[in-house]
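Engineer: Mind looking over this structure? Questions follow.
A short reminder: the numbers here are calculations on the coordinates, not readings from a lab. Given the structure is predicted, the values throughout are model-derived calculations rather than measurements. Please note: Cβ atoms are built from the backbone with ideal geometry, for glycine as well, and neighbour counts cover all protein chains shown.
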Amino acid sequence: MVAITNQESWVMTPKGRLFVKRWVPSEEECVKKTPIVLFHDSLGCVELWRDFPQAISLATKREVIAYDRLGFGQSAPYPGELPVSFVADEANGAFSALLQSLGIEDFIAFGHSVGGGMACVCAAAFPERCRALITESAQAFVEDRTLEGIREAKKVFAQPGQLERLKKYHGDKADWVLSAWVNTWLSDAFRHWNLSESLTRVKCPVLAIHGDSDEYGSTQHPERIASLPSGPTTTRILQDCGHVPHREKAEVVVEATKAFLAQNGLGNQRAVQ
């Protein structure tokens, strides 16, 4: 049986350091496979992936890499307010620094929620290096359903003690994390944001996973994500599932990911030089 070891490190960027965690299989042939890079959601971080990275690493027999974006988890605070260009900025900012620091050649991008949007722009920015794109509950545009979900969440976090849930993972950055999510998405300047242009530049196979009961987005999002790339695309709509399939339907997501990668013959490159 393949054993998984955890490795923690830091990646330096011009705006501050990033916390990185890697799940590395023990067998040499597993390490040679293209790694999966995880992009967390708007309130997420490495630790909030919980046991999902290890499950994916074991199932696919390949390295999994997750990092805290600037302002989140154990990474450095974000310098100032989050700009409305933050999704597109990730590709040539923190993610580019991650690739260079870890010596990653080819990668598989896997993103949850807004992290799914970031995975899309990274696949578009590095079309010759991204071997596959997997989105989970990703938003492809600003939908009224998304905004309503954020407004409801804002009310919940305004209640006494609720912010402590974020402080457990983000520490003193918790207020910024919540404000960055709510204020950016509800701003007029962000109203017309979408992934359409980036998606037309995605050339790799795409798997778009979405719950049919996702409170932050309808199934129009995976449909949009699957309709624009030039490579083969697949949508997987999970029944009786909300916004976090990797927790609500973990086994289904793991098996869907494993099958998708196998069907597309992925994983023959050495991941780290």
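Engineer: Return a whole-number percent for the relative contact order of the stretch 1-100, with Cα pairs under 8 Å and 6 or more residues apart as the contact set.
Structural biologist: Averaging sequence separation for qualifying contacts and normalising by length gives 32 percent for the stretch 1-100.
Engineer: Here's a follow-up. Which peptide among 7-14, 115-122, 163-170 comes first, and what is the full order, when sorted by highest mean count of other Cβ atoms within 10 Å?
Structural biologist: 115-122, 163-170, 7-14
Engineer: Mind ranking 128-141, 22-35 by how tightly packed they are, going by the mean number of other C-beta atoms within 10 angstrom, highest first?
Structural biologist: 128-141, 22-35
Engineer: Then there is this: Set the bar at 30 Å for Cα to Cα. Now go through K33/K249; K33/K203; K21/K258; K155/K258; K15/K249 and name every pair that lies beyond it.
Structural biologist: Over 30 Å apart, Cα to Cα: K155/K258; K15/K249.
Engineer: Is the stretch 38-141 best put as rounded, prolate or oblate by its Cα gyration tensor, with a ≥ b ≥ c the root eigenvalues, rounded for a/c under 1.5, and otherwise prolate when a/b is larger than b/c, oblate when not?
Structural biologist: Rounded, since a/c falls under 1.5.
Engineer: To continue, here is another question. What helices in the chain pass both tests, a Cα length along the helix axis of 15 Å or more and a mean Kyte hydropathy of -1.0 or higher, using whole DSSP H runs?
Structural biologist: Going by DSSP H runs, the hits are 114-125, 144-157, 174-185, 250-263.
Engineer: In the chain, if the dipole is taken from +1 on Lys/Arg beta carbons and -1 on Asp/Glu beta carbons about the Cα centre, which of A59, C130, L99 is farthest to the positive end?
Structural biologist: L99
Engineer: Moving on to the next point. Mind ordering 151-160, 203-212 by average Cβ neighbours within 10 Å, highest first?
Structural biologist: 203-212, 151-160
Engineer: Follow-up. Only loop residues by DSSP count here, and only those with at most 16 other Cβ atoms within 10 Å; note down the GluC sites (Glu not before Pro) in the stretch 173-230 that meet that.
Structural biologist: Sparse-neighbourhood loop GluC sites (Glu not before Pro): E215.
Engineer: Averaging sequence separations of C-alpha pairs under 8 Å and six or more residues apart, then dividing by the length of the chain, give the relative contact order as a whole percent.
Structural biologist: 21 percent
Engineer: Over the chain, what is the percentage of antiparallel beta bridges among all DSSP beta bridges, to the nearest 5?
Structural biologist: Antiparallel bridges make up about 40 percent of those DSSP assigns within the chain.
Engineer: Next question, about the same structure. Just how large is the dipole of the stretch 4-263 about the Cα centre, in debye to the nearest 20, putting +1 at every Lys and Arg Cβ and -1 at every Asp and Glu Cβ?
Structural biologist: For this selection, approximately 340 debye.
Engineer: Further, regarding this structure: Let me check the size of the chain from its C-alpha atoms; what are the radius of gyration and Dmax in Å?
Structural biologist: 17.3, 52
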